[in-house]
Amino acid sequence: MSAHPTPEIDAAALATWLAARLPGSGLPGLSRIGGGQSNPTWFVDWGSARLVLRKKPEGPILPGAHAVEREFRVLSALWNTDVPVPRALWLEEDATILGTPFYVMERLEGRVFADTTLPGVTPDDRQAMYRDMARVLARLHAVRPADVGLSDFGKPGNYFARQIARWTRQYVESTGPRIAALDHLVDWLPANMPEDDGAVSIAHGDFRVGNLMWHMTEPRVIGVLDWELSTLGHPLADLGFCAIPWHSSTEEYAGLLGSDWQTTGIPSRDDFVAEYFAHAAPTGPLLPFHIAFALFRFAVIFVGIADRARAGSAASAEAATLGPLAARFAARAREVIDTQTISGRGRDARV
């Protein structure tokens, strides 16, 4: 994750807003954080405070997307748990101040890796970092939503049925071209959905290496970032999403295929899954369905990125080049369906 100057934000309006909440004067120091495709984000220096501001993007967006209000709520709810998150400070829903709603949180000091191979890290630390990632996900799923005021954060039960319907609708409503592999998944996923086992957890929705902040020197997570897709969901949806790097290439949003990850300390997919299950609440095994669903959803997200790029409202200048990844991830999902055996909790399952 990198920062660059010339942020597209009204610094004077932000200064007035901040002055009502924290000591400081003049204009805030602002640096736009690049690399993301979701809610535009800035580092903000105001007096002695080092902050992060996230806001909804400008222009048309899909219904329910870029919900900074939900991000703020889940961060606030998790602050006093053992799930590492930055401290959320203020939510501003008045869109007239900066053009869209936004929130401000404390800035963590640590490392962020866009590359799943974790360059510059020792093999021992790579192993430890991936294992800690699995444990942090297990801790998130162990939090009972009602205990932290999130019992109404989503609809419990039938998570995969509702999610498949939601992402199918977003794909159908896309202004872009049809993708044959996605069309196949639209039919295959509902027909091959496991029976609902009633498991409900706080689901991050985008839990991956690039959305974690790591300690500056230690191989552990100090902050889980980017909660815009969070909801009440099934824990295996997050775990299936975590498996994507082992099923995608280095050119496909920083996957592991095509690198020498096997010799660098990074655990295998099955070892990562086993680490999760060693610390997770009891649930069923990870199935090819769960990984195919995760790839399907990721593909539709990239369909949306391509739509916003065509409309001129995407959060990153790279959005136009990332749009084609929708077809790549849909094709990877078909590979999982056709060829993969998934190991989880000592059981193998083949579709």
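Things worth noting here:
- Full-stretch length increase - Leu257, Thr339 - with 0.36 nm per residue and alpha-carbon distance subtracted: 27.9 nm
- Net dipole in debye of the chain [+1 Lys, Arg Cβ; -1 Asp, Glu Cβ; about Cα centre; nearest 20]: 220
- Share antiparallel - DSSP beta bridges, the chain, percent rounded to 5: 95
- The chain: angle of helix 180-191 to the longest principal axis, Cα-based, in degrees nearest 10: 70
- Tyr130 - accessible surface, heavy atoms, 1.4 Å probe, Å² rounded to 10: 10
- Highest average first, the peptides 228-238, 205-215, 22-32, 40-50 ordered by how many other beta carbon atoms sit within 10 Å of their residues are 228-238, 205-215, 40-50, 22-32.
- Between Thr16 and Ala95, the contour length at 0.36 nm per residue exceeds the Cα-Cα span by 27.0 nm.
- Within the accessible area of the chain (1.4 Å probe), percent carbon and sulfur: 52
- Fully extended contour minus Cα-Cα distance, from Asn158 to Ser25, at 0.36 nm per residue: 42.8 nm
- Most mobile listed residue (Arg21, Arg111, Arg220) in the chain, GNM with C-alpha springs under 10 Å: Arg21
- Computed over the chain, Kirkwood Rh from alpha-carbon pairs, angstrom: 20.9
- Using Cβ point charges alone (K and R +1, D and E -1), the dipole size of region 147-243 about the Cα centre works out to roughly 200 debye.
- Residue-normalised accessible area of the chain, given per residue in Å² at a 1.4 Å probe: 42
- In this rough spin-label picture, where each label sits 7 Å from Cα along the Cβ direction, the Ala278-Glu8 distance is 4.6 nm.
- Distance (nanometres) between label positions extended 7 Å along Cα→Cβ at Ser268 and Asp124: 2.4
- At an R0 of 35 angstrom, the distance between the Cβ atoms of Glu58 and Asp197 translates into a FRET efficiency of 0.25.
- Residue of Glu218, Glu195, Glu335 that the Gaussian network model of the chain assigns the largest fluctuation, springs spanning Cα pairs under 10 Å: Glu195
- For region 226-322: rounded, prolate or oblate by the Cα gyration tensor [a/c cutoff 1.5]: oblate
The values are calculated or read from the model by the stated rules, or taken from the named source; none is laboratory data. Just so you know, these numbers come straight off a predicted model, no measurement behind them. Positions of Cβ are generated from backbone atoms using ideal geometry, with glycine treated the same way; all protein chains shown enter the neighbour counts. Note: accessible area is taken over every heavy atom of the protein model, side chains too, but ligands, DNA and RNA are not part of it. Shrake-Rupley method; radii C 1.70, N 1.55, O 1.52, S 1.80 Å.
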